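Peer 1: One structure follows; several queries about it will come next.
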Amino acid sequence: MRNAARSLALTLAAVCIAASSFGQETATLPDPDLQELVANYIRLYTKPTLTDWKKLFHPSLIVANPNRDGSITIRNLDEFYNAQEERFATGRRISEHLENVSTSTGNRIGRINADFIFSEEGVAKRGKLGLHAIRDKEGWKIVAIIFSYD
């Protein structure tokens, strides 16, 4: 009887632990190559290095963001990149940096979540950023960007 009670207690404890972690992400150790991708996403976002910045993305990149009117803008790599080129061509001072960056990886896929601050001519706009990346034979490539301004 004592063993049955002990077994039942252990089973209940295991079920409670499993239930409490259901739906939660498991922490993963940072992948240094993925961390480098994120660093390059910010470091290369300058007019002189914009063509190198473009190499961080898979050719089939999808970029999505919600609009104030409730619609959603979806762009491909060329549309997104051309918008950045046009913005830098104005000669305005443009930069972006990330805060509260978190990553999770598994089976050659990675997800990066961050708060971003986009600055143009000293005017900062805050928002949320999600990057999805896949590791191929050449390394990590960003395949999707989702962002929203606060």
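Peer 1: Once the piece of chain linking Thr49 and Ile74 is laid out straight, how much longer is it, given 0.36 nm per residue of separation minus the C-alpha distance between them? List each step's numbers first, then the result.
Peer 2: Numbers: separation 25, 0.36 × 25 = 9.00 nm, distance 2.44 nm.
My answer for the length gained is 6.6 nm.
Peer 1: Pairs of Cα atoms under 8 Å, at least six residues apart: use those to get the relative contact order of segment 27-149, whole percent. All intermediate terms of the calculation are to be shown ahead of the outcome.
Peer 2: Numbers: 210 pairs, mean separation 30.5, N = 123.
25 percent.
Peer 1: Also, quick follow-up: Could you state the number of Å between the C-alpha centres of segment 97-112 and segment 41-92?
Peer 2: When both Cα centres are located, 19 Å separates them.
Peer 1: Could you run the Karplus curve 6.51 cos²θ - 1.76 cosθ + 1.60 with θ = phi - 60° over segment 131-142 and give me ³J(HN,Hα) per residue in whole Hz, x for Gly and Pro?
Peer 2: Whole-Hz 3J(HN,Hα) from phi for segment 131-142: 10, 10, 10, 10, 8, 10, 5, 9, x, 6, 10, 7.
Peer 1: Cα gyration tensor of segment 85-150, axes a ≥ b ≥ c as square roots of the eigenvalues: rounded (a/c below 1.5), prolate (a/b > b/c) or oblate?
Peer 2: oblate
Peer 1: Follow-up question, since we're still on this one. Please give every one of the lysines within straight-line cross-link reach of Lys137, meaning a C-alpha to C-alpha distance under 17 Å, and leave out same-chain neighbours fewer than 8 residues apart.
Peer 2: Lys55
Peer 1: I would also like to ask the following. First select every other residue whose beta carbon is under 11 angstrom from the beta carbon of Phe88; then total the charges, Lys and Arg +1, Asp and Glu -1.
Peer 2: Result for the neighbourhood of Phe88: +1.
Peer 1: Give, as a single signed number, the net charge of other residues whose beta carbon lies under 15 Å from the beta carbon of Glu99, with Lys and Arg counted +1 and Asp and Glu -1. All intermediate terms of the calculation are to be shown ahead of the outcome.
Peer 2: On the way: positive: Lys125, Arg126, Lys128; negative: Glu96, Asp115, Asp150.
Cβ neighbours under 15 Å give a net charge of 0.
Peer 1: With Cβ to Cβ distances under 14 Å as the rule, what net charge do the other residues near Leu77 carry (K, R +1; D, E -1)?
Peer 2: +1
Peer 1: Using R₀ = 22 Å, calculate the FRET efficiency as 1/(1 + (r/R₀)^6) where r is the Cβ-Cβ separation of Ile109 and Ile62; round to 0.05.
Peer 2: 0.90
Peer 1: How big is the dipole moment of segment 27-149 about its Cα centre under a simple scheme where the beta carbon of each Lys and Arg is +1, that of each Asp and Glu is -1, and everything else is neutral? Debye, nearest 20, please.
Peer 2: 80 debye
Peer 1: Viscosity 1.306 mPa s, temperature 10 °C: Stokes-Einstein D of segment 27-149 from its Kirkwood Cα radius, in µm² per second?
Peer 2: Estimated diffusion coefficient is 106 µm²/s.
Just so you know, all these numbers are worked out from the coordinates, no wet-lab data involved. Quantities reported herein were computed from a predicted structural model and do not represent experimental measurements. Methodologically, a virtual Cβ is constructed for each residue, glycine included, from the backbone with ideal geometry; neighbour enumeration extends over all protein chains shown.
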